[in-house]
Amino acid sequence: MNALKKSLLWLAFSALVALAVYLWALREDPELAARMAEVPTQVQEVVAPGSTAVAPPAPVDTSTEEPAPTAMPDPALPVLEASDTAAASGLKALLGDAFFSAMLEPHSLLRRIVVTIDNLPNDRLSMKYRVVRAVPGEFVVSGNEAALTISDANAARYDALLQVLLTADAAHWVAGYRQWYPLLQQAYAEMADPRELFNDRVLAVIDHLLAVQVPANARPLTHPGVLYRYADPALEATSAGAKILHRMGAAHAAKVQARLREIRALLASSKP
């Protein structure tokens with residue numbers, strides 16, 4: 001056996017002897033055992049010469065801290081997944097049964113409202129998830145292929161929508177919005193950053209629609225294919241909400257914007 005192996009065996013034997021003596025001493029000397037029990041189990045970090053020791057942070061007693069508040073559902077509202085019946089009942093009371101049945105999609109109602117509002121400043125609406133069905137009647141134009149414009153008669157297609165918007169005053173619209181806001185916010189959080197507020201988005205959308213200027217005279221159109229397009233590229237590039245205001249005509253658009261200003265003033269006065 002070489003010298004290295006002999007040294008390792010001797011060290012191992014010495015360690016076993018030392019451990020045996022230590023355990024025997026603890027058994028035979030109760031005071032020693034008590035003193036050893038008082039030694040903290042935390043091991044201090046070895047500090048190099050010239051450095052400064054940083055004491056470990058003291059444990060934080062959290063027994064008296066209050067738990068973080070959690071968002072509680074409004075007991076007066078159904079859960080979002082089962083809200084269609086109650087939401088439809090509220091809208092029918094505000095808009096009338098006939099209009100609701102003819103113009104609104106009843107399934108996933110609150111989610112559709114959120115998606116529709118959120119899409120208005122975008123270049124197009126989601127046809128699959130919009131809440132309002134296509135307005136009845138055919139798109140009406142005037143003139144010939146060389147000079148096409150939206151016909152004044154086209155505005156009549158939006159009469160029912162305008163009547164419903166104006167029948168209920170701004171306070172009624174805002175009251176219903178505030179009542180259902182917790183579920184509207186929940187639906188918005190599913191499709192946007194959960195830290196963002198749907199109310200902020202609503203105000204931004206209203207501001208976008210109020211900035212739209214609808215001229216008294218209809219704008220020229222082109223007909224390159226199935227759909228009509230505005231001849232002015234800047235007008236064609238406007239949002240879906242702006243195009244709706246243009247299609248309904250200047251008179252209707254002015255009434256819609258007037259009601260939106262009233263609604264915005266009430267929404268901005270206090271957050272839901």
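Bear in mind these aren't lab numbers, they're just calculated from the coordinates by the rules spelled out. Being a predicted model, the structure only gives us computed values, none of them experimental. All Cβ positions, even for glycine, are placed from backbone atoms using ideal geometry, and neighbour counts span all protein chains on display.
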Rounded to two decimals, the Rg over Rh value of the range 80-269 from Cα coordinates and the Kirkwood Rh reads 0.97
Relative compactness, the range 88-135, computed as alpha-carbon Rg over 2.2 N^0.38 Å | 1.14
Semi-axes of the equivalent ellipsoid of the range 121-198: what are they in whole Å, largest first, if each equals the square root of 5 times a C-alpha gyration tensor eigenvalue?
-> 34, 19, 10
Amide proton proximity set for residue 104, modelled H, under 5 Å, gap of 5+ | 133
Work through the residues other than residue 260 whose Cβ is under 15 Å from its Cβ and net out their charges, Lys, Arg +1 and Asp, Glu -1.
-> +2
Give me the log10 of I(q) over I(0) for the range 185-225 at q = 0.15, 0.16 Å⁻¹, as the Debye formula computes it from C-alpha points; what are the numbers?
-> -0.60, -0.62
